[in-house]
Every structure is written in structure tokens, then in C-alpha cells.
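Colleague: Here it is, the structure, as C-alpha cells.
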Amino acid sequence: MGALQVIHLSKHFGGLKAIHSLSFNVEEGSVHALIGPNGAGKTTVLNCISRFYKADEGEILVHGKNILHWRDYEIFRAAVGRTFQNLEVFGDLTVFDNVLTARYRFMHASVIENMFRLPRARREERVNKQKVEEILILLGLDGVAHQRCGGLPYGQQRLVELARAMALEPRVLLLDEPAAGHNNEEVGQLGELINRIRHMLRASILLVEHNMSLVMAISDRITVMHNGQFLAEGSPREIETNPKVIEAYLGRGYNPISAGA
Amino acid sequence: MTQMIISGIALGTIYGLVALGIVLVHKATGILNFAHGEMVMVTTFFALTLHNFGLPYWAVVTGTLAFAALFGLFIETTLVRRLIGAPLLTTALVCLGLFLILGDVAVWIWGKDPHMFPSAFSEKPISLGQVFLSPADIGPIIVCGMLALGLYLFFRFTKIGVAMQATIDNQTAARLMGIPVKRMFALSWMLATMVAAIAGLLIAPIIFLHFTFMQTILHFAFAAAVLGGINSLPGAMIGGIILGVVTNLVGIYFSSALKEAMPFLIMLGILVVRPEGLMSKRIEKKV
Amino acid sequence: MARGNLIRYAIIGIAIVSAPLFLGEYFLFIASLTLVYTLASFGTNVLSGYTNLLSLAGATFFGCGAFGTAILMSKFSMPFLPAILITGLIVVALGLVVAIPTLRLEHVYLAIATLGYVFIFGELVKGSETLTGGSMGMGVPVVSLFGFRLNEVGLYYLNLAFVIVLLVAGVNLSHSRFGRAFFAVKNSEVAARSLGIPAPKIKVIAFAVQAFYCAISGGLYGLLVRFIDPSLFSIFISISFLSMVIIGGLGSVLGSILGAFFVIVTPQLLTYFGLTEIQRSVYGVAMILSLMFLPNGLVSLPEKLPWLRRLLGLSK
């Protein structure tokens, strides 16, 4: 049983079939990449999993539980985290506050307790602020912790989004094009970071990505989508050399870069 | 009962007309004009002034329409232009501010007393078999019907109308096609104010003209707009008619207190069950 | 805290506390009224400023707070403190009734939906003559605390006490996970939900906070003016709460206070100059000017005017 199972997922918008009967399985503790040309439906898949869209058909299981009837925020309370393609950080808040906001689900003091700063509320604030510090140090953001997020360079804002997703202590992490906006060197660091996160949180990761060097470097398995449908699945090596994938997406001029090439 | 239904329809078309103005502005500029009722009020008072000068009815109507166009243009240039694209809280509050200002302006110019307003139609009932109808009952229906038809033709077949429709549907595309979008906004406000003026001319004979007379009607108009779909022009009219008929029937068969609460209840009901109204399309947010 | 600031705050604090000593009866009344409205202003700020929910139902909570407290005190002979607190809780329940059907609505629709509540409750109050005096209104008894009847000075300190306690509580709330959740929902509901924040529940809490603060404000208002009638249930009052927030500053405690002050003082000034009739349009103009030129309210003036900053001794 995998960490995340997508079974015969279908979603259409009006007459347009965005996803058609897609299935794949993210093994526990692995990095599973979802790749394909633009418009293949990859982000739609993420949105269905996060329940921002209602899937029309199929099942989605997170650690064996069917989440198709859950509210979106309930999913994120159950230790799923995600980042977005279009940055959705809180620009007017500091980096620290952005990440601290994500600790909401770990705090249980009521409104009244918080209004009068009763002991439980104070303790929870202290403990969670500590946690945020740790995460920021891990991602190298502690230097800009108290700066306004909107004023930071794009790449750093993406890191803040990652930090926020991590603050949820997710067991399943959905990453939507995390490499966008990073140069080659940064992408390398990002790959290492993702691996470290994976080990720290013992998380399983679903990675939607266009940057092939990142995909090939860290993925355990890859599913390829085309026109909303399943095209191929396999190890990085298998996908790189799959003629259908090369035809539809990678292109004839593509040079295989995965291990064993 | 037929009597009630027909007068309900008459009333409903008037609500629909006011709602039409609101929807027109919302579709064109994304702004929900809470001050629309007050704009109706001001144009109607202007009409009263023209009437008091002794002008014949047709001159009053033309004069008022001209005033309405200019008034709409004035508001658009001074306020609305800056508001396009601003967050909802801002636009709503500016409109509410306008609501306050227009109220005081009206009192300053025309005072606080209620006034009678002449009707375009005679009150004498004509018998049509079982039912007694007066031109005053049917008149509004005919006027609104013609207006609705006129607007439909305008948006469909005239060059300006098509351009306006295009701007409403897709601002960016319209701009790229060389349509002067800002001028379209101005035109839609002018049109909406003129529609408002006509609504006022139809309403004022029924209730006394008074600086607060539009406040409850605005409530009905919003309910009609929401019922029909805040982005649908025909929806506004249909919503109004449904609201008019239902309200009248409820007033007869249940209680008149419930009748007062109808717009509110219908609004809540629709917003909970189908927020986009009867005629609008469902919109899913894209992330 | 820097020494200069400490002295400044101490002076302000002493001035506020000793106000009855040097303010005449009329000005003391104005000061009390400002305190009372500050509560409504802050509550509305939490809903509309922090969480960005546009609601026109504020007057409903205010009016119910005023009538509820007055009724419990006069018809049920309840002492003041329990009366106002119980009313507060009842109005919170009312706030939930207002909020829950409107949860899934987009901004526009929320504003329209809340438009009607004020009418409905106004009619209800007018209709319940035996309880509320109907359209004629009802008198509010003089409040006694620990056996002492409170005069204007006593009322001033009572209001001050409520404001201090509730504003401190409010500030604490805005720095807690709830405050962060309010901001999150306002900035990007999608992002907030992706962090596990239950957006509907947060919105309900924001409504409940506004309901409570407006109710207490209404209750204290009744005590101050000694006579209340259904005219409290007016859209204009809801709009004036919003205008306090806009003019003072969205999402700021000081803003709530400044906004309340402006909204109280203006009609008084206008009456002094014999211009009472244009009161509503002055609010309207002030709101519009604020929105166009000072969107962050009066609180942001020092930022924009260096000379003011120096005058107030605020460092950059």
C-alpha cells in the first residue's frame, strides 16, 4: 500500500476533459515525479488531490484513506502539504509569520485562552515559534526571517513556500514546479534539500516538474502524462529512453542524464 | 388572484429595471453600486423639477434622460474610473459613501418632504372580462418589455452595443481589438443611469417621491439581481418578475410582515443554494 | 522600551485616566461616546480589516446589544454586569446565525446578504412593543455598580475599564494563531486552506468577535444616552462602523480608536457650525477621500508626512 494512490482519476471542465482515468501510486518514502507537456493536466491532478477541485471519477487514497469527500483544509490537517505554481505566500507578512501561520493545526488553545494569554496559549506560542526557527535554519532562511516576504527575490519566496509546507509536518508533500525561478546551481541545492526533507519528515513526495535535471536526479519513479491521460511510467532511466515519451515530450535532441546513462 | 399576479408582474418589472442597472454596471466594471437607488432618486427628483416648471410629460422624460446620462458620466469620471480593479471592500465603501452624499445632496436641493409624482398612465381601470386592469398596471410592463427588447437589440446589433458587450465579456481581448475600453465603461454607467431614470419615473407615481424612497426598493432590486444572477441582464428582469409575483402572493396568502421579509429570504435562499443565480453559469476557481 | 516613548505613553495614560478632572460634562460625554464606539470600531476591524469580510450587519449586533442590556436590566431587574455580558453572549449566538448561511459566499454576495439583517431585526424590535417599547423606544435605567449609582464620571471610568480590557484581549487575539489565520484568509484563502486553516470556522469566529464587541458597545451606549429606539437598526450605523475602520486604518487597534474619534467628533463639530444636515455626506466624503488617498487610514499619516512624524516624535 502506497502513501498516495490515485486510481482512475477523471476531471473535466465543461466539455474539456482535463484528466482521463489516470492512475499511479506513490510508494511510501519515495519521490514520484509527474511530468508531461504544458496543459497535460499535471497541476489539475494536484488540485484534485488537494480537493480544490472536485474530481468527477476515481479514488484518491492517502495512506489508505479515501479523501474524496474530505474538505480541502481537512486534508492539510492530515499531514499533506503542498506548494503552488503561482506563488501564494503572504507578501505582507514576514517570513517568520508566514511559516508560523502554518503551525495553526498544532495549536489548540481556544479564542478565550488566547485573548487573555492563559498559560496553554503562551506555551503553545513559545513551542511553535521554536519549531519555526528550526525550519528556517534548515532552509537557510533564518537571515531574512523578519523581512517582509513580498520584498524577497523570487527564488527565496519559493523557499518560504516550501518552509510553510514543511511546517505542517506533512507525510505526503505535493510540490508544484519547485524549480521554477531557480538557476542550475540552485536547482542542485534544491534537489539536496528535497532529499533531506524527505528523510527528516519520512515523507513521500509527489513532484510536478519541468526541469528534467531535477526530476532525473531525485525521482524514484516517474509517471508521464499527455493530454490528460497516462502515457508511461517507470524509473528515470526507463522514461528517458522510452520512445513514446521522447516523441511526446522530451524531444529527439534530449540527452539522457539519469544514473546509468 | 390574476389581478395580484398581474400587479405583481408590473411591480416585478420595475424591480427588474432597477436590478438591470445594477447588473449592467457590475457586468461592465465589476463594481456593485450600492448607491444605485440614490441615483434613481436624484434623477427622479430632477424630473419632478422639470415637471414643476410646467413642461409636458414627453419633455420631462427627454430632459431627465439627458440629465441621467450626464449625471452618470460625471460620477463615472470622478469616482468610478479610479475604482476599476480595486478590491471589493474599497469599491463597496466608495459606493456607500456615494450613497450618503447623494442622500444629503437631495435633501439640500429638494428638501425632506414627500412629493407626489405624476404617472404617465391613467389610473382608470378597463375591464377585460373577469379582471379590472388600469393602464397604470400594464404600462410599466409594456415599458419594461420594450426597454428590455431595445437593450437586447442594442447589444446585439449596434456597433457600440457590440463593443460594450465585448468589453464586458473580455476586457483584455476588447482592448487588443482596439475598443476604447475606458469609453465603454463611461457608456455603461451612462446607460445604467438612464435605465435608472426610467425606473424612477415608473416607481415614483406609485410610492411618494421622498429622499429615502429607494431604500427598500434597492433591497428588492438586489434580491432580484441575485435571484436572476448578478451577471445576467435578462436574469435581472426575470428575477424581478418572479420576486414581484411571489411577494404579492405571499402578502395575500400568508402575512404582510412576511411580505416585507421576502427579498431578504429569497436572497438568502438563493445565495445558499445557488449563489450564481438562476441564469448565470457556475464558476470554478482556478488555482 | 525607549525612555522617550515611555514618558510619552505615561503622559497619555495619565491624561486619559484623569480626564474627568479637567473635562466638562459635555466633553466627558463625548469622550465616553468615543470609548463606546471604539469597541464597535475594533470589532468591525477584526471582521473587515483583519479578515476582509464586508458585512453590513454591524448595526444589528449594536442594536441588539443596546436593547438586550436595557431589557435585562429594566424588565428582569438584572444588575448591569451580568446583563451586558449575557447580552453579549446572546448576540454572539446571533452572530453565528448571521454568519453560517453566508459562509460560502464570495465577498459581493456576503455584503448583499448582510444588507437585509438590519431591516429584519429593526422590524422585529418595532413589533415587540411590550418588551422594547416598539417604535417609541425605551428608557435605559441608571446603572449601579456595587450599590453606587454611576454619574457621568462613573460611566466614563466604566467605559474606560471595558475598553482597556477588551482592547488588550483583542490585541492578544490578533497576535495569536487566530489573528494569523484571519490575515491568512484575507490575503489568500487558497493558501490559508492549504495550511490546514479551516477557513469557514475562522470566518465564523471573526463574525462572533464583531458581534460581541458591537453588542458590548451597544449595551454601554444605551447606558450613556439613557434612551434607545429602533432607529439604532439602520444601515447608516453599519456604514459608520465601516467608515471608522476605513478612516482610522484597516487592521490596526490605534486605527480603530482614531476612526471612532473622527466619527464621533465630526457631527459635534458640524452641529457647532450649524451644519448638521450634511453630516451623512461628510462621512461619505471622508470615506471616499480616505479610500482614494489614504487607504491605510489615519494611522498611516505619519508615514506620509515627515513633519507630522517629527512632531509626534516617532523615529523612522
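Colleague: How would the protein assembly as shown be classified by its alpha-carbon gyration tensor: rounded, prolate or oblate, with rounded meaning a/c under 1.5 and the a/b versus b/c comparison settling the rest?
Modeller: Verdict is oblate for the protein assembly as shown.
Colleague: Could you grab the relative contact order for the range C:162-285? Cα pairs under 8 Å, six or more apart, rounded to a whole percent.
Modeller: Relative contact order here is 12 percent.
Colleague: Here is a follow-up. So if R0 is 51 Å, what FRET efficiency would residue B:157 and residue C:136 give, r being the distance between their Cβ atoms, rounded to the nearest 0.05?
Modeller: The computed FRET efficiency comes out at 0.30.
Colleague: How big is the Kirkwood radius of chain C, worked out from every pair of different alpha carbons and given in Å to one decimal?
Modeller: Result for chain C, one decimal place: 20.2 Å.
Colleague: Here's something else I'd like to know. How many angstrom lie between the Cα centre of the range A:188-241 and the Cα centre of the range A:132-180?
Modeller: Result: 20 Å between the Cα centres.
Colleague: Rounded to the nearest 10 degrees, what's the angle between the helix A:184-201 long axis and the longest principal axis of chain A, both from Cα atoms, 0 to 90?
Modeller: The helix A:184-201 is inclined about 70 degrees to chain A.
Colleague: When the convex hull of the Cα atoms of the range A:1-120 is projected onto a plane and the area is averaged over all directions, what value comes out in nm²?
Modeller: 10.3 nm²
Colleague: Express the Stokes-Einstein translational diffusion coefficient of the range B:77-122 in µm² s⁻¹, to the nearest whole number, given a Kirkwood radius over alpha-carbon pairs, 4 °C and a viscosity of 1.567 mPa s.
Modeller: 98 µm²/s
Colleague: Right, here's the next one. Give me the angle, in degrees from 0 to 90, between the Cα long axis of helix A:119-138 and the longest principal axis of the Cα atoms of chain A, rounded to the nearest 10.
Modeller: It works out to around 40 degrees.
Colleague: Would you mind computing, in nm to one decimal, how far apart the modelled labels at residue B:207 and residue A:184 are, each placed 7 Å from Cα along Cα→Cβ?
Modeller: In this crude spin-label approximation the distance works out to 7.3 nm.
Colleague: Right, next: Once you have the Kirkwood Rh of chain A from its Cα pairs, apply Stokes-Einstein at 4 °C and 1.567 mPa s and quote D in µm²/s.
Modeller: For these conditions, the coefficient is 67 µm²/s.
Colleague: Test of understanding: what is the full-extension gain from residue C:104 to residue C:270, defined as 0.36 nm times their sequence separation minus their Cα-Cα distance?
Modeller: Gain in length upon complete extension: 55.6 nm.
Colleague: I want to verify a result. In a Gaussian network model of chain B, Cα cutoff 10 Å, which of these has the top mean-square fluctuation: B:270, B:101, B:217?
Modeller: B:101
Colleague: Please compute the modelled spin-label separation between residue B:273 and residue B:252, points set 7 Å along Cα→Cβ, answer in nm with one decimal.
Modeller: The two pseudo-label positions are separated by 2.2 nm.
Colleague: Here's something else I'd like to know. Please return the longest range in chain A lying between exposed loop sites, taking trypsin sites (Lys or Arg not before Pro), DSSP loop only, at most 12 other beta-carbon atoms within 10 Å, and leaving the sites out.
Modeller: Between the exposed loop sites, the longest stretch runs A:55-201.
Colleague: Could I ask something else about it? Could you identify which residue out of C:151, C:159, C:52 has the top mean-square fluctuation in a GNM of chain C using Cα springs shorter than 10 Å?
Modeller: So, out of C:151, C:159, C:52, the one fluctuating most is C:151.
Colleague: What length, rounded to one decimal in nm, is gained on full extension from residue A:108 through to residue A:199, with 0.36 nm per residue of separation minus their alpha-carbon distance?
Modeller: 30.0 nm is the gain from fully extending residue A:108 to residue A:199.
Colleague: Efficiency by 1/(1 + (r/R0)^6): what FRET value for residue C:93 and residue A:122, r their Cβ-Cβ distance, R0 = 35 Å, to the nearest 0.05?
Modeller: 0.75
Colleague: Okay, next question. If a helix is a whole DSSP H run, which ones in chain C reach 27 Å or further along their own axis (Cα) and hold a mean Kyte-Doolittle hydropathy of at least 1.6?
Modeller: Helices meeting the span and hydropathy rule in chain C are C:80-99, C:152-174, C:253-272.
Colleague: What ³J(HN,Hα) values, in whole Hz, does the Karplus curve 6.51 cos²θ - 1.76 cosθ + 1.60 give for the range B:233-244 when θ = phi - 60°, with x put for Gly and Pro?
Modeller: Couplings: 5, x, x, 4, 5, 5, x, x, 5, 4, 4, x Hz.
Colleague: For B:74, A:84, which order do you get if you count the other beta carbons within 10 Å of each Cβ and list the fewest first?
Modeller: Ascending number of Cβ neighbours within 10 Å: B:74, A:84.
Colleague: Next question, about the same structure. What distance in nm separates the two pseudo spin-label positions at residue B:2 and residue A:92, each 7 Å out from Cα along the beta-carbon direction?
Modeller: In this crude spin-label approximation the distance works out to 6.0 nm.
Colleague: I'd like the distance separating the alpha-carbon centroids of the range B:148-225 and the range A:23-49, in whole Å.
Modeller: Taking the Cα centre of the range A:23-49 as reference, the centre of the range B:148-225 is 46 Å away.
Colleague: Please compute the contact order of chain B in relative form: average sequence separation of alpha-carbon pairs under 8 Å and at least six residues apart, divided by the residue count, as a percent.
Modeller: 36 percent
Colleague: For the range A:1-68, how big is the tail of P(r) above 19 Å, as a whole percent of Cα pairs?
Modeller: Value for the range A:1-68: 28 percent of Cα pairs lie more than 19 Å apart.
Colleague: May I ask you to sort B:39, B:267, A:200 by Cβ crowding, counting other Cβ atoms within 10 Å and putting the fewest first?
Modeller: With the fewest neighbours first, B:39, B:267, A:200 line up as A:200, B:267, B:39.
Colleague: Using only the Cα atoms of the range B:2-273, construct the convex hull and provide its projected area averaged over every direction, in square nanometres to one decimal.
Modeller: That works out to 15.4 nm².
Colleague: With 10 angstrom as the radius, rank A:220, B:169, B:137 by how many other C-beta atoms surround their C-beta, starting from the fewest.
Modeller: Ascending number of Cβ neighbours within 10 Å: B:169, A:220, B:137.
Colleague: Remind me, relative contact order of chain C in percent, using alpha carbon pairs under 8 angstrom and six or more residues apart?
Modeller: Once divided by the residue count of chain C, the mean separation gives 31 percent.
Colleague: Using only the Cα atoms, work out Rg/Rh for the range C:1-111, with Rh taken as the Kirkwood radius, to two decimals.
Modeller: Rg/Rh: 1.09.
Colleague: Let me ask something else about it. Between residue A:241 and residue A:21, what FRET efficiency comes out of the Förster formula 1/(1 + (r/R0)^6) with R0 = 22 Å and r the beta carbon distance, rounded to 0.05?
Modeller: Efficiency for this residue pair is about 0.30.
Colleague: Looking at chain B as a GNM with Cα springs under 10 Å, which of B:199, B:223, B:66 has the largest mean-square fluctuation?
Modeller: Between B:199, B:223, B:66, it is B:66 that shows the largest mean-square fluctuation.
Colleague: Return the subset of A:11/A:42; C:75/C:126; B:259/C:126; B:27/C:203; A:54/B:27 for which the Cα-Cα distance in this structure is over 20 Å, preserving the input order.
Modeller: Exceeds cut-off: B:27/C:203; A:54/B:27.
Colleague: Could you name the aspartates and glutamates in cross-link range of residue B:112, using Cα to Cα under 18 Å and dropping any fewer than eight places away on the same chain?
Modeller: B:38, B:104, C:277
Colleague: Label the range B:1-118 by shape, choosing from rounded, prolate and oblate, from the square roots a ≥ b ≥ c of the eigenvalues of the Cα gyration tensor; if a/c is under 1.5 it is rounded, and otherwise prolate applies when a/b is larger than b/c, oblate when it is not.
Modeller: Oblate shape, in that a/c is at least 1.5 and b/c is the bigger or equal ratio.
Colleague: Next up: First check a/c for the range B:134-256, with a ≥ b ≥ c the square roots of the eigenvalues of its C-alpha gyration tensor; if it is under 1.5, answer rounded, and if not, answer prolate when a/b is larger than b/c or oblate otherwise.
Modeller: prolate
Colleague: Hey, got the Cα dimensions of the range C:131-277 along the principal axes, in Å, largest first?
Modeller: Sorted from largest, the Cα extents of the range C:131-277 read 51, 42, 31 Å.
Read-outs: derived from the displayed coordinates by stated rules, not from any lab. Note that the coordinates shown come from a computational prediction; the quantities given were computed from them, not determined experimentally. Reconstructed Cβ throughout: ideal geometry from the backbone, glycine too, with neighbour counts over all protein chains shown.
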